[in-house]
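The values are calculated or read from the model by the stated rules, or taken from the named source; none is laboratory data. It should be emphasised that the depicted structure is a prediction, and the values quoted were computed from it without experimental measurement. Here Cβ is always computed from backbone atoms with ideal geometry, including for glycine, and neighbour counts include all displayed protein chains. We work out accessible area using only protein heavy atoms, side chains counted, and drop any ligands, DNA or RNA first. Shrake-Rupley method; radii C 1.70, N 1.55, O 1.52, S 1.80 Å.
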Amino acid sequence: KIVLVSSGGAIYENTTALPAGETDAVSPGSLYGLANLLTEKYAAQYYQQYDMRFTIARLSNVYGPRQWRSGFIPAVLTNMLKGEGPIIYGTGRQVRDFIYVDDLVEALILLSERGRNDVYNVASGQGVSLKKTFDLMQKLLGSKVRPVYQSATLSGIKKSVLDIKKIKKELGWSPKTDITTGLLKTIEWYRANV
């Protein structure tokens, strides 16, 4: 059995349903989203041809300690800890569904043990704007730096929130870490390591 990690945000990019559920229509607007969707299709095809069991986890925006600095939260934190204003591409009104890494790991373990030949969203189920996320980090850090807004070269996803009713109902999983607690843990790690 494999647990395939896929991108909920990129796969549901053009959906009109928010929060987006596993049965909502998918129409990726990027090569990244399309590659994730095709990989999901390959997993389903392997199951049909070779009886290889699988579970697909469509993730929202994961954050936490040790994350690559290309993600929004680590990029912003890194700049703020240096006393520099972080760059926010676009208006800051883009909405993301941030999930703390510990909650994700718990869900993936559960999916490896119990999920079977199906797709599950793994997310917080809550949307928050990039501007509000920055404001919260600024408050938690006690920072006075201001963000630098720059126009985005690509429009990107305006709103990404995933529906997690299915994994709650079928597997009894729900995230335990609210964004404030998760950011505090993340900030602690970045302060010690950046």
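Number of residues in segment 81-99 that are within 12 Å of A152 (Cα to Cα) and either of a type in the set (S, T, Y) or not in a strand (DSSP E or B) (or both) equals 5. Residues in segment 99-137 that are open to solvent by 30 Å² or more (accessible area, probe 1.4 Å) and touching an Asp or Glu at 6+ places or on another chain (Cβ under 6 Å): G127 only. Is at least one residue of segment 132-145 part of a loop (DSSP other than H, G, I, E, B) and not small (G, A, S)? Checked segment 132-145: at least one residue is part of a loop (DSSP other than H, G, I, E, B) and not small (G, A, S).
Would you check which residues across segment 111-133 are over 19 Å from G21 (Cα atoms) and not β-branched (V, I, T) and list them? Of everything in segment 111-133, those that are over 19 Å from G21 (Cα atoms) and not β-branched (V, I, T) turn out to be S112, E113, R114, S129, L130, K131, K132. Evaluation of P175 against the conditions (1) closer than 25 Å to P28 by Cβ; (2) assigned to a helix (DSSP H, G or I) shows that the sole unmet condition is (2). On inspection, G64 does not qualify as without any contact (Cβ under 8 Å) to a residue 40 or more places away in the chain and buried (at least 16 other Cβ atoms within 10 Å of the Cβ). Kindly indicate which of T78, T55 is over 20 Å from V105 (Cα atoms) and in contact (Cβ under 8 Å) with a residue 12 or more places away in the chain. Every option except T78 fails the conditions. Restricting segment 18-43 to residues that are among the small types (G, A, S) and without any contact (Cβ under 8 Å) to a residue 12 or more places away in the chain leaves a set whose member that is most open to solvent (accessible area, probe 1.4 Å) is A25. In this structure, I157 does satisfy being in a loop (DSSP other than H, G, I, E, B) and of a type outside the set (K, R). Inspect segment 112-120 for any residue being modelled with pLDDT of 95 or more and under 17 Å from the mean Cα position of the chain (by Cα) and give the result as yes or no. Within segment 112-120 (the criterion being modelled with pLDDT of 95 or more and under 17 Å from the mean Cα position of the chain (by Cα)), the answer is yes, since at least one residue qualifies. Take the residues in segment 138-156 that are of a type outside the set (A, V, I, L, M) and open to solvent by less than 50 Å² (accessible area, probe 1.4 Å), then tell me which one is farthest from G83 (Cα to Cα). Looking at the filtered set, the residue picked out is G156.
In the set K176, K166, K159, only one residue is within 27 Å of T55 (Cα to Cα), open to solvent by 90 Å² or more (accessible area, probe 1.4 Å), touching a Gly at 6+ places or on another chain (Cβ under 8 Å) and not small (G, A, S); that residue is K159.
Of all the numbered requirements in (1) in a helix (DSSP H, G or I); (2) at pLDDT 95 or above, R58 misses one, and that requirement is (1).
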